[in-house]
Every structure is written in C-alpha cells, then in structure tokens.
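Reading through the structure tokens given below for one structure.
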Amino acid sequence: MKWEIVIGLETHVQLSTASKIFSGSSTAVGAAPNTLTCANDLALPGTLPVMNRAAVHKAIQFGLAINAKVAEFSQFERKHYFYPDLPKNYQTSQLAHPIVSGGQISFMVGDELKTLNLTRAHLEEDAGKSLHENYHFEDGRPATGIDLNRTGTPLLEIVTEPDLRSAAEAVAYARALHSLVVWLGVCDGNLQEGNFRCDANVSVRPMGQKELGTRTEIKNVNSFRFLERAIAYEAQRQIEVLEDGGKIVQETLLYDDVNDETRSMRSKEDAQDYRYFPCPDLPPLIVSKEWIEEVRAALPELPAACRQRYESELGLSAYDAAQMTVNRETADYFEAVLAEAGQKQAKTIANWIMGDVNATLNSSGLEMAEIPVTPTALAKLVTRISDGTISHKAARDVFQALWAGEHEADVDKIIEAKGLKQISDSGAIEALVDTVLAANADIVEEYRSGKDKAFNSLVGRVMREAKGKANPAQVNEILKQKLS
C-alpha cells in the first residue's frame, strides 16, 4: 500500500521583548535559576497580570507580514495542566479568539515554490524549565531542579494547516518561518536557547483517502536537522505499525537524537482536556485600526517583495532571489555589495555569496553576520574580475586572503603581493599563442581535421605557458583567429 504523510507544525516563537508578557520581569538569558521572577510570575495570591504592549505589537507585525487577519478583539484563556515548572497550574493563552487568524507563508523546496496556509497565531506565556542533569539528593539519588526564570516569557504560537506532505517540506517551511520572524525583529531566532522550537503533528493515511489518520505530536524540536529526522522516523514507524495490523495511539512524543527515534512521553490531550475558559484576570485585548495601520506603515520590505524586486529589477532567477533573501543578514550583505559594485554585477555577486561565501562560512562555523570579508572588499573583488585585472580562479585566492585578513584585507594589495594580475595585453598573449602553436603542430593538425577537443588542449597549453595569468577570453579569441 502507498501511504501519504500528513504534517502540521506548531511553532513557539519567543518574542524579543525586554520584559515578560504579564509582568515587568526581565527576559534576559543566563541568570542564576529563579532570579528573574516576581510575585506575578510565581502566581502568588493577590497578583494580577498586566499586558505587555510590545508583545502585542510584534504579534501584529507578524500577522500583517503573512497577510493574515489581525483581530481587533482577542481574548486570553486559561489552559490547565499540572507540571512542576508551571507554578499557576494553568497557562494563560488564546484559543477561541486569537490575535492572528489565517495567513500564508511561501518557501522553496528545492527549485519549487510552495505556499502553506496558516490556521492562526496566538499569544501566550512560556512555562519554566525542569533541569535533570547534575541534580541529586544528599544520598545520591537523581533529582530534578525547577528554574522559573523563563516563566511568563512572551510566546507567539504559530499553527499551520495539516498541508505539509514530507519531512523536507516541513523543514523548508520552518526555515522560511524562522527567516521571517528574524527578518521582522519579532524573534532573535536562537534555536540553541529554545527561542524558536517546533511541535510536529504527524499522521499517515492510505494514498487517496480523505480522512486523516490518528496523529502523534513530537514536542519541542529546536533543530532543523532533528526536525526532519524526527518526522521521517515517526512517519515510517506509523506505516510499519499499520502494515503489521496495529493501530496508532494518539500520544505526545519526544525525539531522541542519539538513537534517532521517537519515544512516548504521555497520552496526547485534546482541547477539552485542558479545560479552557476565559481568563478572569485579563480583559479582552482590543487593538485599534489605527494601531494596525501604524504597524503596517512601519513594516520593512518583506522577503517576498524583496525577491520580486531582485527578479524584476536585477534579472536574478527565482532560485537566486530566494537564496539572497534566505535571511535578513544575507539580503543586507547582498545589497551592500551591490551598492558599491553596481547592479550589472548582481548575478556575479549572487554567485559569490551562494558559492565561496556560504561554503567558507559553513566550513568556519560562522553566520553571515560574522563574515570577515566586508561588502566593500567583495565589491572590489567582483570589479577586478569584470575589468579583467584577475581571473575567476585567481579571485578565489584573493577571497581566501581577504578572509584571513592578509595585506590589510585590501584587494589590490593582495593581487600585487601574490602576483595574480592577469595578462590582458593582446600582443603578449599573441606571442604566447604563437609559441604554443609552433610547439604543437600535431594538435593543430588534429583541430583542423575536425577534432574540436584539440582546441581545448591548445587553450590549456597557452594558459600553462602563461602560468595561469592570461585572460582566458582573449586566449580563446586569438587562438581562433590564428587557426582559422
């Protein structure tokens, strides 16, 4: 039997506010456990929550960026569950009346552009954290510590329709969402600190069946690589269970990246199990039309508009434009190089960023924001290629020297110091060609008898004679003239 995988993602995006969603406590990271809390965070008697305006502002930004409906009326509810790191025994969240409804996000899967519909995005508070490592009772038995510093940190939970059909699609969407929230400044996107983490709802069904299968939920995956592996494993596990005549149990799972498997955590709750009801301590959240329009007017150019501009104005392909807008740092770097090298160099600049820049970043373990080669230096390097000063091959040597900070990271100084300047004098190249032709009469005869590969052999010999410094285009042109 052929099976179809059905995936929906719920992504918890930590909003980059200075204080928590319902209190003035700091959202800073790295403080000693339980030092960034207040009476409100701890749910002490007599405390009342106060809404953080900045968190609402960021939710509006996101809603407008995905062309969703931003609700003028939304409401907070209490979601009841009982974990040690949840001091209230309920989470203040939104269900029936979220601040954002609908919307779409487009993303590339290989060379194909896909668009995914979102269900909603709602505001809520984060829970604390259970710490299991390095905690023991006095008699040596393992213990669990509770750190409530994270309690009350503002989250935007973004929920998709169950329209993803592969682990690769799910990861491509998650990457696009991550890029967007960082682009907007809604979230810093730090996966290691759990500021962007995904829950994956996975089910399978026979190909062609309309009814959805029983789903499981893989919780709190904060790595794109692990998200893909977790979904792929879980889908295959469900297929094997069903093909063996078993049934899928609705449950919550954890992904074990060491053993590359999902493990049962608890039975999966439905909405009614959480006993939602409107929070009596918070009035409805009212967002005026004027506020929405103020936020809309202040939005930066969004990735989709940026891609369209790169295609229409710069002539980049859809793939190249998508790669130049994969995140805000890449787009800003591309724009900065473009501003100095000129729009005619757009394709060459994009090729350098997709090629040597990204490859060297990856091998160095750096992010685009940390690149040591300045936009000015890369623009000058591209210019020296286009004006014939150096070849593409020599340019790679210059780039690596720029990366290492050699010769004050100055392009012209590096070219001079390494003797990389290209021979573009037609007289000098003609003399090299004459020398090679005179020494390789047999290859010349092969070319004239119809063996086209012989031409490439002659080009190679000229380049070797020139020690790789001759302008390849001129070598080709002069060779053709001499052989015609």
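The values are calculated or read from the model by the stated rules, or taken from the named source; none is laboratory data. Everything numeric in this text was worked out from a predicted model, so none of it was measured. A quick note on method: Cβ atoms are made from the backbone with ideal geometry, for glycine too, and the neighbour counts reach across all protein chains shown. Areas reflect the complete protein model, heavy atoms only, side chains present, ligands, DNA and RNA absent. Shrake-Rupley method; radii C 1.70, N 1.55, O 1.52, S 1.80 Å.
Some notes on this structure:
- Matching label, Cα Rg over 2.2 N^0.38 Å computed from the structure shown, candidates (1) 0.90; (2) 0.99; (3) 1.28: (3)
- Think of each Lys and Arg Cβ as +1 and each Asp and Glu Cβ as -1; about the Cα centre, that makes the dipole of segment 372-484 roughly 240 debye.
- Less than 5 angstrom separates the built amide H of Val109 from those of Lys114, all sequence-distant by 5 or more or on a different chain.
- The string of couplings for segment 289-304 from the Karplus curve (6.51, -1.76, 1.60, θ = phi - 60°) is 4, 4, 5, 4, 5, 4, 5, 4, 5, 8, 5, x, 4, 8, x, 4 Hz, one whole number per residue in order, with x for Gly and Pro.
- Between Asp188 and Tyr319, residue separation times 0.36 nm minus the direct Cα-Cα distance comes to 44.6 nm.
- Where N is the number of residues in segment 81-181, Cα Rg divided by 2.2 N^0.38 Å: 1.47
- For segment 203-256, alpha-carbon Rg and Dmax in angstrom: 11.8, 33
- Measuring nothing but protein heavy atoms, the accessible surface of the chain at 1.4 Å probe radius is 49 percent carbon and sulfur.
- Positive end of the dipole of segment 72-172 (Cβ unit charges, origin at the Cα centre): among Thr92, Asn149, Ala168, the Cα lying farthest that way belongs to Thr92.
- Candidate lysines for bridging to Lys289, where Cα separation is under 27 Å - those fewer than 8 sequence places away on the same chain excluded: Lys20, Lys58, Lys69
- HN-Hα J in Hz across segment 46-55 - Karplus 6.51, -1.76, 1.60, θ = phi - 60°, x for Gly and Pro: x, 8, 10, x, 10, 5, 8, 4, 4, 5
- The base-10 log of I(q)/I(0) for segment 3-290, evaluated at q = 0.07, 0.08, 0.11 Å⁻¹, reads -0.27, -0.36, -0.68 [Debye formula, identical scatterers on Cα atoms, solvent excluded].
- In this label model, Ser457 and Ile292 are separated by 7.3 nm, measuring between points 7 Å along each Cα→Cβ vector.
- Tally of Lys pairs whose C-alpha atoms are under 22 Å apart, taken over segment 301-418, 8 or more apart or cross-chain: 9
- The local environment of Phe76, defined by Cβ-Cβ distances under 11 Å, has a net charge of -2 under the rule Lys, Arg +1 and Asp, Glu -1.
- Evaluating 6.51 cos²θ - 1.76 cosθ + 1.60 at θ = phi - 60° for every residue in segment 344-359, the Karplus couplings come out as 5, 9, 4, 5, 5, 5, 4, 4, 5, 5, 5, x, 4, 5, 5, 5 Hz, glycine and proline recorded as x.
- Contact order normalised by residue count of segment 301-418, Cα under 8 Å, 6+ apart, percent: 19 percent
- Based on C-alpha pairs under 8 angstrom that are at least 6 apart in sequence, the chain has a relative contact order of 14 percent.
- Mean residue ellipticity at 222 nm, helices only, the chain: -12000 deg cm²/dmol; runs of at least 4 DSSP H residues each add -39,500 (n - 2.57), and the sum is divided by the number of residues.
- Tail weight of P(r) past 17 Å, computed on alpha-carbon pairs of segment 178-231, percent: 51 percent
- Spatially, segment 154-205 and segment 447-480 are offset by 52 Å when compared through their Cα centroids.
- Residues whose amide H comes within less than 5 Å of that of Ser16, counting only those at least five positions distant or on another chain, are Cys187, Asp188 (H built at 1.01 Å from N in the peptide plane).
- Under a model in which nothing but the beta-carbon of Lys, Arg (+1) and Asp, Glu (-1) is charged, segment 3-290 shows a dipole of about 680 debye around its Cα centre.
- Here, P(r) means the percent of Cα pairs in each 10 Å bin from 0 to the largest distance; for segment 426-483 it is 25, 61, 13.
- Rounded to 10°, Cα long-axis angle of helix 472-483 versus longest principal axis of the chain: 30 degrees
- Net charge of neighbours whose Cβ lies under 12 Å from the Cβ of Asp412, counting Lys and Arg as +1 and Asp and Glu as -1: +1
- For the chain, a simple Cβ point-charge model (Lys and Arg +1, Asp and Glu -1, everything else neutral) yields a dipole of about 620 debye relative to the Cα centre.
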